[in-house]
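**Student:** Have a look at this one before I ask anything.
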Amino acid sequence: MLEQIEILNKQIKSKTPEKALEIISGLFLGKVVFSTSLGYEDQVITHFIFSNNLPIQVFTLDTGRLFNETYSVFESTLQRYKKQIKTFYPQTLEIEKLVSEKGPNSFYKSIENRKECCYIRKVEPLKRALTGNKIWITGIRAEQSGNRRDMPAMEWDEGNQIIKFHPLINWTLEEVKNYIFKHNLPYNTLHDKGFVSIGCAPCTRAIKEGEDLRAGRWWWEQNDKKECGLHNTA
């Protein structure tokens, strides 16, 4: 698999993210998916895919605890591109069991509880979304957090048995924002209020000046590597 990734890296070397997505989607026709959380980076990649009619399935995970602003940009994106964004939800019985046994806000009580909630609402649905595919496109950028700085643009995800490609890995937040405004793309208005990384409403806050870009996620935890488990770093 590492040999295949090396070959792919050579094929997309020095290519723009748009061109790289075109090449990869052509090589793995019908087996490339993109997971969007409808944040800044994901809106850029969605634009690349939809405006070029690339054969890449765009999907999102609806945890049931998202901000209203997230649903608004979801709707705006559907209206603009007239394309489908496939939506995956948590398993109903698992959510019912979790909330019945531990209450609606168990994630505040311990890291273990938070990871359990993330697994049920995000990780398990993601595994269903990735099943049968070969390439998983993400909106990860290197500067988002310390444990993402050394991520390569393309890597093997052992847990999900899939190749991951991060087309914007080397983009800065400023470059992403400039692209959004240059092309007048729909975006989550929470970004205008200091929210950088936007997840579930109970687990996300705006960041303060000088804070790490992911400081607004699970802010009550004393943990430098805060992830939900989607990218095998939790």
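The values are calculated or read from the model by the stated rules, or taken from the named source; none is laboratory data. None of the values given here were measured: they were computed from a predicted structure. Every residue, glycine as well, gets a Cβ built from its backbone with ideal geometry; the counts of neighbours run over all protein chains shown.
**Student:** Would you be able to say whether some residue in the range 156-171 is surrounded by fewer than 17 Cβ atoms within 10 Å (Cβ to Cβ), within 19 Å of Trp220 (Cβ to Cβ) and at pLDDT below 95?
**Tutor:** no
**Student:** Then there is this: With respect to the numbered conditions (1) touching a Phe, Trp or Tyr at 6+ places or on another chain (Cβ under 7 Å); (2) at pLDDT 95 or above, which one is the sole condition not fulfilled by Ile120?
**Tutor:** The one condition Ile120 does not meet is (1).
**Student:** Filter the range 1-37 down to residues that are in a helix (DSSP H, G or I), at pLDDT below 95 and of a type in the set (Ser, Thr, Tyr), then give me how many there are.
**Tutor:** 0
**Student:** Can you tell me which condition Ile45 does not meet? The list is (1) assigned to a helix (DSSP H, G or I); (2) out of contact with any strand residue (DSSP E or B) (no Cβ under 8 Å at 6 or more places or on another chain), and all the others hold.
**Tutor:** The single condition Ile45 does not satisfy is (2).
**Student:** Among the residues of the range 48-70, count how many are under 15 Å from the mean Cα position of the chain (by Cα) and not hydrophobic (A, V, I, L, M, F, W, C).
**Tutor:** Qualifying residue count for the region: 5.
**Student:** Still on this structure, please answer the following. Show the residue pairs meeting these rules: Cβ distance below 9 Å; 6+ apart or different chains; first residue within the range 72-95 and free of Cβ contacts under 8 Å to residues at least 24 places away in the same chain; second residue surrounded by fewer than 17 Cβ atoms within 10 Å (Cβ to Cβ) and assigned to a helix (DSSP H, G or I).
**Tutor:** Cβ pairs passing all conditions: none.
**Student:** Further question: Going by what's in this entry, would Thr63 be described as outside any helix (DSSP H, G or I) and either among the charged types (D, E, K, R) or at pLDDT 95 or above (or both)?
**Tutor:** When the stated conditions are applied, Thr63 passes them.
**Student:** Scanning for something surrounded by 14 or more Cβ atoms within 10 Å (Cβ to Cβ), among the aliphatic types (A, V, I, L, M), closer than 20 Å to Ala129 by Cα and out of contact with any helix residue (DSSP H, G or I) (no Cβ under 7 Å at 6 or more places or on another chain), does the range 39-49 turn up at least one residue?
**Tutor:** Yes, the conditions are met somewhere in the range 39-49.
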